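The values are calculated or read from the model by the stated rules, or taken from the named source; none is laboratory data. If you're wondering where the values come from, they're calculated on a predicted model, not measured in any experiment. No Cβ is skipped: glycine too gets one built from the backbone with ideal geometry, and neighbour counts run over all protein chains shown.
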Amino acid sequence: MSKWLLLSITDLRNILREQFLWMMLIVAPILQFLMARYGVPWLTLQFPILSDYSVLIAIFLTVQVCSGIGFVVASIMLDEKDEALLTAIRTLPVSANSFLLFRLFGTTMITFLFAWAMIYAGGLTNYGLPASIAVAFLLALIAPTVTLLMATFARNKVEGLAAFKGINLVLLLPVISFFVVPPLKYLFAIIPMYWSFQYMNALDEGIPAMGFLSIALLAHLATLGWLFKLFRKRVF
């Protein structure tokens, strides 16, 4: 337990050392929540048509929070990668798998708390407690996905930032499926977030949603499993 606590403290110190990272981890999520809770209702009073897009606004704001946390953890790993620390980790008394899984698990849990706050208390959705937990968990899986993508394919933080912008765009692409009719909307089904968004839409419209939840979980976990193996192969 002590070695995991030490790793967590070290990661936190690395984050607090860089203003941009701790702002992405702490300040940005708080601002997103305040925007959802107070900014969007005020805007809706000014532009009532926005009330029809509350779920899409919730998706946009929450995805930004989740991907931003993934970016923070990826930045730490890119620093470690640049300094060859990730290679040295193989000599520690913990396995490479355990190290990576611990970091990704911690990332997911932190992201889940922020995502759940956005979904359950942000005021933009009316899901009950079980549904809000399920949605928050699906969206929280964005963070380890972003982390693995950046840490695997980017060679440094500059490349990582460029990759992050592209990843963010891909994550939000399935939103277009809400504005097109079949079969065009199914073109986005290859992106795991499509199924998460469809699950949220089904909850909002009061139609059976368990099928979307199951597919979304499988899609996200399969993607994470593939990225985990790819990261180990390319980096470790």
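Taken together, the criteria exclude Thr108 from residues that are touching a Gly at 6+ places or on another chain (Cβ under 7 Å), assigned to a helix (DSSP H, G or I) and of a type outside the set (A, V, I, L, M, F, W, C). The set of residues in the stretch 190-204 being within 18 Å of the chain's Cα centre (by Cα), of a type in the set (A, V, I, L, M, F, W, C), in a helix (DSSP H, G or I) and buried (at least 17 other Cβ atoms within 10 Å of the Cβ) consists of Met193, Trp195, Phe197, Met200. Scanning the stretch 205-236 for residues that are of a type in the set (Gly, Ala, Ser) and not in a helix (DSSP H, G or I) gives Gly206, Ala209.
Somewhere in the stretch 46-60, is a residue touching a helix residue (DSSP H, G or I) at 6+ places or on another chain (Cβ under 9 Å) and either at pLDDT 95 or above or of a type in the set (D, E, K, R) (or both)? No - not one qualifying residue is present in the stretch 46-60. Considered as a group, the residues in the stretch 111-130 that are in a helix (DSSP H, G or I) and out of contact with any Phe, Trp or Tyr (no Cβ under 9 Å at 6 or more places or on another chain) include one that is surrounded by the most Cβ atoms within 10 Å (Cβ to Cβ), and that residue is Thr111.
Contact annotation: residue pairs with Cβ atoms under 7 Å, 6 or more positions apart or on different chains, pairing a residue in the stretch 128-150 that is within 14 Å of Leu213 (Cβ to Cβ) with a partner that is part of a loop (DSSP other than H, G, I, E, B), are Val135/Tyr127.
Checking Ile207 against (1) in contact with a Leu (Cβ under 9 Å, 6 or more places away or on another chain); (2) surrounded by fewer than 21 Cβ atoms within 10 Å (Cβ to Cβ), which single condition isn't satisfied? Answer for Ile207: the failing condition is (1).
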